[in-house]
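Okay, so here's the structure we're looking at.
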Amino acid sequence: MPGTASTLLLSKPDIAALAKVQRPVVSVWVSRYRSTDAPFPTAVSTRGREELFAGTEVVEWIRARGLGNSESLSEDLAMFAALDHRSELTADAAFHGITALLCVKAMLADQLSEMDGEDLLDETDELDPNDEFLFSEVDALGDQRETFARYVDQMADAAYTPAQAFESLMAQRFRMQRADLADSALAPRALELGARVCAALATDEHEVFVDPSVDGSDLLIALRHALPEFEEPLAMTGESDTAASRLARRRLAVHGWRRTKAPTGGFADGFTIDGPAMFLTQFPSPSTVGLSDAQILERIDNIVLQMGPHHRGVVIGPASALVDPIADREARLIRAGLLRSDRLRAAIRLPEGLLTTRPGLPMAMWVLGSADPSIKPADRWTVTADVSATDLDEPLIEAIVSDVTAAMGTTGSVRAHAFRHGAIRMTAKLLANDQHGLAPRTASRRRVRSGAELAAQALETLDALNHRASQAAGPLEVSLEYRQPGGTALPTLGELAAQKRVKLLPGHRIDASDVVDGGDIRVLGVDEVLGRTRIGVRGIDRFTFATKHPNARYTEPGDIVFCASPAVGAIVDHDGAAVVLAPARVLRVKDSERSGLIPELMARHIAESAPRTRPQRAIRSGNDWKYWHVPQLANDKVPAVRHALSDIRERRRAAEELVNNLDHFTSTLVDGLAHGVLTVSDRPTISPEKG
C-alpha cells in the first residue's frame, strides 16, 4: 500500500468505525443517496468479496453531507492509514513506533518527513540517550521509518498538534483490542474529577505529582489539562522497562510533562520523597488489572506510610476496596489500619459506569492528607459521601471539589462550609462501623441551605402560591343559554380547506440531534401535541435553524398544530414563532372573526372527536384529517366564546402554576424540617432560626 493517507482504502466496516456509526448505517448511505446529485463514492477496488473505497473521497463526502458522529475525520483517516499500513512489522511494533515518532515530533517541533531514516534515528538517540522511552521503538521500524514519519506528519497536521494526534491514537485502544490499555481506562468524567480535585489541592509551585504505578498515565494527562497552560509540571512515576511503561513515559513527554527519577528501589517499602508532593493514582492501572481488594489496599497503605506532612493524595479505585463493606479479613484489617493513620480526609462513592470495560463495577475516590495537628486524635474526622445515584456532571464535580477542599482544611473551615454532598463523620465512629462500609448507600441529597435562606424562599413561594390560588379559585363567569340544535352538519376540514378558510402547512424535517432541551426557538412536534413533553422544554438553536433551514416557516399566534399518527392530537400555539416538527402539521385559520372558526374550539374538538382506532379489517386508520368535522359558529357568537375560552385558559394556567407552587413549597418545607432549620408554629407564620 502506498505510504500516504490520501490513498488509504476503506471497507464499509472501516468507514463505520471512522464515522463512529453502526455498520448498517454505511449501507443506508449508499442506497439512500444513490440517485442524488452527490451519491456515495463508488468502490475503487475489492478485497475478496469486500468493496474498498478511497478514504479521502469518503471523508469529503461525509463532511459535505454533515453525517456521522466524528469531529476528527481527517486525523482519524491518517491514523487508520498508519495503523493499517501493510508491512512486515507487527501491529505492536507499528503502534509503539507511531507513538514514539509523535513524541519525537513534539520534542523537535519539526517535520519528520524531511529527514531520512538514519538522521531520524540519530535525532531520537540524542533525545533518549539511555533508551528509556523512544529509541528502541523508532529503531524497530527499520526501513519503514521514513514511511511512518510521513504518516505521523499527516496525523499531527490533521490533529493540529502531536499531543492531540497521540490522544486520538490512545482513543483507539478499544478498536485495536489492546486489553492492557482498555481494561484500565476510566471514563473521561472520572478522570476530570480526579484531576480537578488534585489541581485544587496542589498549592505549592514546587510540588511534584507522583503516580507510583509503572504504566499509568490517564490521570496525569487529565491533570495536565486542569493545570494552567503556562506551568511546566513535574511528574514522578514508577520505573519499569515494559512496553506499557515506556508508552506512559512517551505520553507524558508529548504533553509537556517534566520527569524526575523515582526513589531508589521504586515505591516499595521505605521510599521517601522530600518536599511537597501530590500523589495521584488509580486502580486498576494497566499492570494492576485483576488485583484483589487486599492487594489494592496494601499498595495504598504503602503510600500512606511514607507520606509526610506536606504530602497529599487522590486515589480512584473499586468501591469494594475503598468504601463498601469488606468480607475478606485481610482487606478489612488493612483498611482499618489506614483509618487509624488519620490520613483519610474524604471517601466518596462514585456512580457506576466509570470503568469503561466494566461499567457495572462501582468506583470510589479517596483523598489523603495530614490531619489538623491541633485536633486530638479522638476528635478527628473524615468526610464521606455517596453520590452513586447522581450523574457525574459538571455541577456534581464542582460540588465534590468544593467539599473535598473544605475537608482538607482546619476545624474552622470545615464548620464554616455548607457541605453539598459530604457528611462529617468522626474517624473513631467510622472505624467502629466499618463493617457497614465507609460511605453507606443513601439516596441523593440536596444541598443543605441555611434557615434564613429556606425561610425566605418559603415565604416567597407561599406568596406566589396564594396569588395563584386567588386567580384559580375565583368564580368563572360564563353566560350559558340552551337552544335547540340545528340540523346543519359540521363542516369538514377538507371542505374548509377547499373554501380556503383554513390552510394546511407541513411540518419541518429536522435532524433529531439539532433538537435540544432549552434551545432558542420552541419546537412543537408529536410529543408536545400528545402531551408527552411539556411545551417549551425542547428547542433548536437559532443559528443552526437559520443555517440549515433558511426558507423555513414559523408558527403564527392561533395556529393549530396537529398530528394523526401515532395518535390523534391537536393544540393551539397561542404565542407563535415556533417550529413545527414533522409529522406534525399546521392548520391556519383565515379570518377567525368572519369565518366563525375558533382555533381553540377546533383543536379541542379534533382531539376529542377524531377517530382513534383502525376499523376492523380496514387498511387505513380512518384518521384522514380532511374528513374531520370541526365546529363553526355564527359570527356574532365568536367574541363571547373567545372571551370564555380565554378565561378558561388563564384559569388552567393559574391552576398549573398553583400545583407547581404547592410542590415547591412542600419541598422547601420538608427540606427545612428535615435539617432542623425551619419550624412550623401554631400560628400561620414562618419562624426562621438564626443560621
- Query: What number goes with the only condition from (1) free of Cβ contacts under 8 Å to residues at least 24 places away in the same chain; (2) touching a Pro at 6+ places or on another chain (Cβ under 8 Å) that K105 does not pass?
  - Reply: (1)
- Out of (1) at pLDDT below 85; (2) aromatic (F, W, Y); (3) surrounded by 15 or more Cβ atoms within 10 Å (Cβ to Cβ), the one F174 does not meet is (3)
- Quick one: would you say D122 is in a helix (DSSP H, G or I), over 18 Å from A165 (Cα atoms) and out of contact with any helix residue (DSSP H, G or I) (no Cβ under 8 Å at 6 or more places or on another chain)? yes
- Query: Can you tell me which residues in the stretch 224-251 are touching a Phe, Trp or Tyr at 6+ places or on another chain (Cβ under 8 Å) and not aliphatic (A, V, I, L, M)?
  - Reply: R224, P233, G238, R246, R249, R250, R251
- Task: Quickly run through the stretch 194-226 and pick out the residues that are at pLDDT 95 or above, small (G, A, S) and in contact with a strand residue (DSSP E or B) (Cβ under 7 Å, 6 or more places away or on another chain).
- Result: G194
- Task: Filter the stretch 513-558 down to the residues that are among the aliphatic types (A, V, I, L, M) and part of a loop (DSSP other than H, G, I, E, B), then identify the one that is nearest to the chain's Cα centre (by Cα).
- Result: V537
- Note on the structure: Of the residues in the stretch 87-119, those that are polar (S, T, N, Q) and part of a helix (DSSP H, G or I) come to T99, S113
- Note on the structure: Across (1) under 20 Å from K500 (Cβ atoms); (2) among the β-branched types (V, I, T); (3) surrounded by fewer than 21 Cβ atoms within 10 Å (Cβ to Cβ), T555 clears everything bar (3)
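Per-residue answers, yes or no, for (1) at pLDDT 75 or above; (2) part of a helix (DSSP H, G or I); (3) within 20 Å of C563 (Cβ to Cβ):
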| residue | (1), (2), (3) |
| --- | --- |
| E608 | yes, yes, yes |
| P639 | yes, yes, no |
| A644 | yes, yes, no |
| E650 | yes, yes, no |
| G672 | no, yes, no |
| R683 | no, no, no |
- Query: So which residues in the stretch 316-350 are surrounded by fewer than 21 Cβ atoms within 10 Å (Cβ to Cβ) and not in a helix (DSSP H, G or I)?
  - Reply: P318, D324, P325, A327, D328, S341, D342
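A quick yes/no check of all residues on (1) surrounded by fewer than 19 Cβ atoms within 10 Å (Cβ to Cβ); (2) basic (K, R); (3) assigned by TED's automatic domain parsing to the domain that holds I334:
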{"site": "R380", "(1), (2), (3)": "yes, yes, yes"}
{"site": "L396", "(1), (2), (3)": "no, no, yes"}
{"site": "V401", "(1), (2), (3)": "yes, no, yes"}
{"site": "T405", "(1), (2), (3)": "yes, no, yes"}
{"site": "G412", "(1), (2), (3)": "yes, no, yes"}
{"site": "R415", "(1), (2), (3)": "yes, yes, yes"}
{"site": "H421", "(1), (2), (3)": "no, no, yes"}
{"site": "L431", "(1), (2), (3)": "yes, no, yes"}
- Task: Identify the single condition in (1) at pLDDT below 90; (2) within 26 Å of P233 (Cα to Cα); (3) surrounded by fewer than 23 Cβ atoms within 10 Å (Cβ to Cβ) that D131 does not satisfy, given that it satisfies every other one.
- Result: (1)
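Tell me, yes or no, whether the stretch 247-256 has at least one residue that is in contact with a strand residue (DSSP E or B) (Cβ under 9 Å, 6 or more places away or on another chain), loosely packed, with under 14 Cβ neighbours inside 10 Å and of a type outside the set (S, T, N, Q).
no
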- Filtered residues of the stretch 403-440 (kept if in a helix (DSSP H, G or I) and among the aliphatic types (A, V, I, L, M)): V404, A406, A407, V414, A416, A428, L430, L431, A432
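The values are calculated or read from the model by the stated rules, or taken from the named source; none is laboratory data. Only a predicted model underlies this, so the values are computations on that prediction, with no experimental measurement involved. No Cβ is skipped: glycine too gets one built from the backbone with ideal geometry, and neighbour counts run over all protein chains shown.
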